[in-house]
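Trainee: Quick one: this structure, given as structure tokens, is what I'll be asking you about.
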Amino acid sequence: MGDLTFYTVTYNVATRSPRQPLEDLLQWNGRTEHQLPDFCLFGFQEIKAQPQNLLLDSIFDDPWTAALRDVLSGYHYVKIRTVKMVGLLLNVFCKRKHVPLLKEMQTSETRTGLLGVWGNKGAVSFSFKIYGATICCVNCHFAAHEEYLKHRIDDYHTIIEHQHFGSSRKVILDHDYVFWFGDLNFRLNNSKLKSAEEIARHVNNVNLSLRTATTLPDIWAQDELSLVMQKSKAFKGFFEHLPMFPPTYRYIFGSSCYDLKRRPAWTDRILYKTIDSSNEKCVLEVLSYKYIESIRLSDHRPVYSESFVQISSEGNFNNVDQPVIFQPIKTWQLETENEVNLQIKEYIPWVNDWIGIFQEKYTSLDDYISYVYLPSEIIECEESNNEYRQFDDMASVCRVKFVPEVFSDGSKRVCMKFSETSVLNPGTYRLIYFSSINNSVLGVSNPFIATKQICALNTSHEFGW
């Protein structure tokens, strides 16, 4: 058994750009690298979604993603997926050491705004498997305004019913662990109606550092989401740690004061679910659940939570067998072909499997500097009159030979030739093998150095000797 730690943040940014450094989003002061979380989940709502922004964001990282990568690169995190839908943005990062174990990565999205057509409301999700456990991260934005409680409940059920992942059509509730966060927009009910002024005064009467659901019991008792969950109208089987913060909406922009045009409420939430709460091998524990008062860009406050899940892995938790093992790459010469050997065990390469070439300190799985596709071993044999095509006669960018050499563990060797244009500049790089059939990382090479060939000077020719 082993633990994976998760750091989750949800923030409705109200179309604002990250004008201040995002270091404050990471409440990690004084921690060693070993104490940092294994995964970081960031859910943003109301990202600026004008047409020109959508076009640029489809090519480059949006400002919030770029700002996150800038700050997290200093902690050696890798962005493994970004999922965007109009104003919704989900970013998932992990420590670089976990990248080789990422399996079955899939995304999904559901639009619930304007009769299910417009994506300003709804959810974006990322599903993956690691160390044998399946995990789903859901970032959502539900219907606004106090009078639309039923719409919020309907939004939840629409998302649950419509989101599927991959060819297996796995649904959200099929995962071992679910992290559901966002601007759920649940307000205070009207059973004990209090005005915005009364609620704000009640909150302000409590010392700032002590403002929690516990110290604000009269207000917390009216929380719609808690009441909905108690009655199993939505989020059945989910749980939430008691919020250790006051209502996170609605503030005056740039201020610590509530905007009294709306009744303050806990709209920004983080919920959890395990597939079987009675299973001792399926454990999720919440360590903290707070807000970040110092970030005042929006009329919301960011909320963050730290948690860990228990993972059961066969063998050593930190040493799981990989289907693809790259043999050490001792030399890589620029401006010429280079040969790489792999060992593949209990896996048949599929058409459109690909190998990306990355900088050694890559900060995103989208940042490959070049890539090559592998042909299927089956196609390799069928299209050849001989057992294998002639290696040196192949004209593809990456020439592949499936060598009939079987190792003692049953793995076989694959020899690949990369073209002279695969790497153009000197530096240190890695290769990562991605499976197209299940969107998994199957192997990561050790770093290798690419250098320019040094040509010996032909002095006899130079001086006419």
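Trainee: May I ask which of K345/K401; K84/K233; K192/K261 have a Cα-Cα span longer than 21 Å here?
Mentor: K84/K233
Trainee: If a/c stays under 1.5 just call it rounded; otherwise compare a/b with b/c (prolate if a/b is bigger, oblate if not). Do that for the range 170-261, with a ≥ b ≥ c from the square roots of the Cα gyration tensor eigenvalues.
Mentor: The shape class here is prolate.
Trainee: Take the Cβ-Cβ distance between L260 and R19 as r, set R0 to 35 Å, and report the resulting FRET efficiency rounded to the nearest 0.05.
Mentor: 0.85
Trainee: Only Cα pairs under 8 Å and at least 6 apart count here; give the relative contact order of the range 106-257 as a rounded whole percent.
Mentor: Worked out over the range 106-257, it gives 18 percent.
Trainee: Loop-only check: which trypsin sites (Lys or Arg not before Pro) in the range 218-306 are DSSP coil with at most 13 other Cβ within 10 angstrom?
Mentor: Passing both the DSSP loop test and the Cβ count: K231, K236, K261, K281.
Trainee: Another one. Leaving out ligands and nucleic acids, and using a 1.4 Å probe, what accessible area per residue does the chain come to in Å²?
Mentor: Per-residue accessible area for the chain comes out at 47 Å².
Trainee: Next question, about the same structure. Considering only N352, F402, V138, whose Cα is most displaced toward the positive end of the charge dipole of the chain, charges sitting on Cβ of Lys, Arg (+1) and Asp, Glu (-1)?
Mentor: Positive-most Cα among the choices belongs to V138.
Trainee: Return the carbon/sulfur percentage of the accessible area of the range 397-455, one whole number, probe 1.4 Å, all protein chains in place.
Mentor: Taking all protein chains in place, the range 397-455 shows 52 percent carbon and sulfur surface.
Trainee: Considering only protein heavy atoms and a probe of 1.4 Å, how much of the accessible area of the range 333-372 is carbon and sulfur, as a whole percent?
Mentor: 43 percent
Trainee: Which length gain, in nm to one decimal place, applies between E405 and V283 when the Cα-Cα distance is subtracted from 0.36 nm times their residue separation?
Mentor: Result: 39.6 nm gained on full extension.
Trainee: Of K330/K412; K170/K290; K129/K231; K194/K273; K95/K129, which ones are farther than 24 Å apart at the Cα?
Mentor: Check vs 24 Å cut-off fails for K170/K290; K129/K231; K194/K273.
Trainee: Ignoring ligands, DNA and RNA, please state the percent of accessible area on the range 133-205 from carbon and sulfur, probe 1.4 Å.
Mentor: 48 percent
Trainee: Only Cα pairs under 8 Å and at least 6 apart count here; give the relative contact order of the chain as a rounded whole percent.
Mentor: 15 percent
The values are calculated or read from the model by the stated rules, or taken from the named source; none is laboratory data. All figures in this text were calculated on a predicted structure; none of them were measured in a lab. Reconstructed Cβ throughout: ideal geometry from the backbone, glycine too, with neighbour counts over all protein chains shown. The accessibility values were calculated without ligands, DNA or RNA, using every heavy atom of the protein model including side chains. Shrake-Rupley method; radii C 1.70, N 1.55, O 1.52, S 1.80 Å.
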